[in-house]
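What follows is one structure encoded as structure tokens, with my remarks underneath.
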Amino acid sequence: MKANRLFEIVYYLLNKKVVTADELAKRFEVSVRTIYRDIDAISLAGIPIYTEQGRTGGISLLPDFVMDKSILSEKEQHDVLANLQGLFQLSSDETALQKLSATFNKTAINWLEVDFSWNEDQKNYFRDLKAGILERRVIRFDYFSSHNEKTNRCVEPIQLWFKHRAWYLRGYCLMRQGVRLFKLIRMKDLKVTEQLFEERYRACDLKEVSSREDEEHDVRLRLKIAPEMAHRVLDEFDFEEEVEEQNGYFIVSTTWKDNEILYGFILSFGEYIEVLAPSSVRALIKKRAQMVVDKY
């Protein structure tokens, strides 16, 4: 939208002494003529922006100009700082947070703390994936499928995604020629290359992309859980789903991915759970439980 672009141009100029119309046109992906129309609109809004001709000329703001804090209300300022505080749980670079705190003359409240319990390699993966996504650089890594098959992938990273108790990367796989979902824990030897790529998908387009790298399908479960596990029912299942009580037992209907995580999860309940449906999962749990018995 034009209003957003005008706002971003002003913020960009606050961090630059002089920029050219060509530079702004490339940054905001519009024509030079559009940039000059934007400059006129900014000037009419009372912001002291001006242009100078010549080799050292360009577009700039008056040196003593400071963005008016009243652009954001008190509540909006607090919301911005609070949201940034949450985002910086994933990063040690709080420069933007510190600058905005100073601009708003407010202290950011540390309202959220998340212990990801990551090792150094995992922290580096998040840093590198962030760089690949924001700088639009192809990444390369070894990937182990759910069947333990190893392949080397080159991927245009799009988005990090947290779901089903795990982190995933959405990206355009150059080998598969399509958007795939990669589980971070199965990615090894990640490298960010110098190869740049053009954006293929916007964030809103990703909602329509359902392809996965691992061939896992959803399975609809019906579980009977003993009252001794009431605390886990509260922890593990969403009561907006189908959770009902029958004679003190919890009857839970839920959808999971049909993979090793599912079977490990069910077996972790021990004798306090029974799979009522589907019969395929029920049979496999019985087989695995018997294998455990046979070992003893």
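No value in this document is a laboratory result; all are computed from the given coordinates. Keep in mind it's a predicted model, so treat the numbers as computed, not measured. Ideal geometry is used to build each Cβ from the backbone, glycine not excepted, and the neighbour counts take in all protein chains shown.
Restricting the search to the range 246-292, which residues are polar (S, T, N, Q) and more than 14 Å from Arg232 (Cα to Cα)?
Hits for the range 246-292 are Gln246, Asn247, Ser253, Thr254, Thr255, Asn259, Ser279, Ser280, Gln290.
Among (1) within 35 Å of the chain's Cα centre (by Cα); (2) under 18 Å from Phe7 (Cβ atoms); (3) not in a loop (DSSP other than H, G, I, E, B), there is one condition Val30 misses while meeting the rest; what is its number?
(3) is the only condition that Val30 fails.
Among the residues of the range 162-185, what is the count of those that are surrounded by 15 or more Cβ atoms within 10 Å (Cβ to Cβ) and out of contact with any Ser or Thr (no Cβ under 8 Å at 6 or more places or on another chain)? Steps first, please.
Initial filter on the range 162-185 (surrounded by 15 or more Cβ atoms within 10 Å (Cβ to Cβ)): 167-174, 179-184.
From what's left, out of contact with any Ser or Thr (no Cβ under 8 Å at 6 or more places or on another chain): 167-174, 182-184.
So the answer is 11.
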